[in-house]
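Enquirer: Next up is a structure, given as structure tokens.
Computed from the coordinates by the stated procedures, all read-outs in this text should not be read as laboratory data. The structure displayed is predicted, hence computed values, not measured ones. With ideal geometry, Cβ positions are generated from the backbone for all residues, glycine too; neighbour counts draw on all protein chains shown.
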Ligand code: MEV
């Protein structure tokens, strides 16, 4: 099958409030970030006398950003999970051609709390649906992406791929999007730092699940409290109250630390961001490294400098008034 090559681009995500607790049904607030993952969809050249090294049947995946090439039919030990995830995307859209050259280009570091796997899942099913001639339907896309996220993460809450697919601020609870439109009273200016790899969401969520099962009386109230913070954060957003939102982010960070998902590096960078003038700062995602989200408004330059002094890469991201 021949078609004109096209590109699907999707943003990464950051969690404003509520990670980990959202896995147990409590409320979370998540937003897209201005860093993207792109997949170029092109027909794979067919084998023949003049065929180049990329010719062949079935999907060939190239991701120079991850230093990776994957012949889907022959995954290596390192690419097995990725291959299963991509196979799941093809299984979800059986009408799409398989003789594809997929080139992945990502500005989202992997295992860093910015939704790289969810972005990959959404971009894959969106591109395959386009190839199959389907109209884009958000519900279908998110339920397909969920199956792929399960391969990466075991039991994802669904917040990551939901925010990435809808590309807007979301309130999420009980496995579902809660608000169709969230009013935001002000443009919010963030700086996001990448502290390093967290070594896998599934493992971090799994370790916390074991602690929660062993000591429910300790962990369940903390998670309930985090869910309540998300509700307060929603109200602060609507009022454009950046001071309250920042305070809520700081309290959320304290509770995430109590849950055992922070790290020495995260805490150091969070304190540095606050000292540089951030209104609030917290980890974003699974924790234990990964990404850090600082609400900065007019203090972006100072916070960027603080992260740079600590040797961390950081970028700006804003949330527009709707
Ligand atoms: C990961 O970005 C967010 C977690 O809450 C896991 C999930 O929601 O599936 C840690």
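Enquirer: Of all residues in region 262-277, count the ones that are in contact (Cβ under 8 Å) with a residue 60 or more places away in the chain, under 16 Å from residue 112 (Cα atoms) and more than 16 Å from the ligand (Cβ to nearest atom).
Expert: 2
Enquirer: Sticking with this one: Return a yes/no flag: does region 166-181 have any residue that is in contact (Cβ under 8 Å) with a residue 40 or more places away in the chain, in contact with a helix residue (DSSP H, G or I) (Cβ under 6 Å, 6 or more places away or on another chain) and within 10 Å of the ligand (Cβ to nearest atom).
Expert: Yes, region 166-181 has at least one match.
Enquirer: Could you pull out every one of the strands (runs of 3 or more DSSP E) wholly within region 1-107 that has 1 or more residues that are free of Cβ contacts under 8 Å to residues at least 24 places away in the same chain and either more than 16 Å from the ligand (Cβ to nearest atom) or surrounded by fewer than 22 Cβ atoms within 10 Å (Cβ to Cβ) (or both)?
Expert: In region 1-107, 68-71 are the strands (runs of 3 or more DSSP E) which contain 1 or more residues that are free of Cβ contacts under 8 Å to residues at least 24 places away in the same chain and either more than 16 Å from the ligand (Cβ to nearest atom) or surrounded by fewer than 22 Cβ atoms within 10 Å (Cβ to Cβ) (or both).
Enquirer: Of all residues in region 278-300, how many are more than 16 Å from the ligand (Cβ to nearest atom) and closer than 13 Å to residue 315 by Cβ?
Expert: Total satisfying the criteria: 3.
Enquirer: Here's a check for you: in region 113-167, which residue that is outside any helix (DSSP H, G or I) and in contact with a strand residue (DSSP E or B) (Cβ under 9 Å, 6 or more places away or on another chain) is farthest from residue 206 (Cα to Cα)?
Expert: 167
Enquirer: Next question, about the same structure. Could we say that residue 250 is in contact (Cβ under 8 Å) with a residue 24 or more places away in the chain, in contact with a strand residue (DSSP E or B) (Cβ under 7 Å, 6 or more places away or on another chain) and under 19 Å from residue 20 (Cα atoms) here?
Expert: yes
Enquirer: Hey, another quick one. Condition first: closer than 22 Å to residue 166 by Cβ, touching a helix residue (DSSP H, G or I) at 6+ places or on another chain (Cβ under 9 Å) and surrounded by fewer than 18 Cβ atoms within 10 Å (Cβ to Cβ). Can you find one or more residues in region 208-216 that meet it?
Expert: Checking region 208-216: not a single residue is closer than 22 Å to residue 166 by Cβ, touching a helix residue (DSSP H, G or I) at 6+ places or on another chain (Cβ under 9 Å) and surrounded by fewer than 18 Cβ atoms within 10 Å (Cβ to Cβ).
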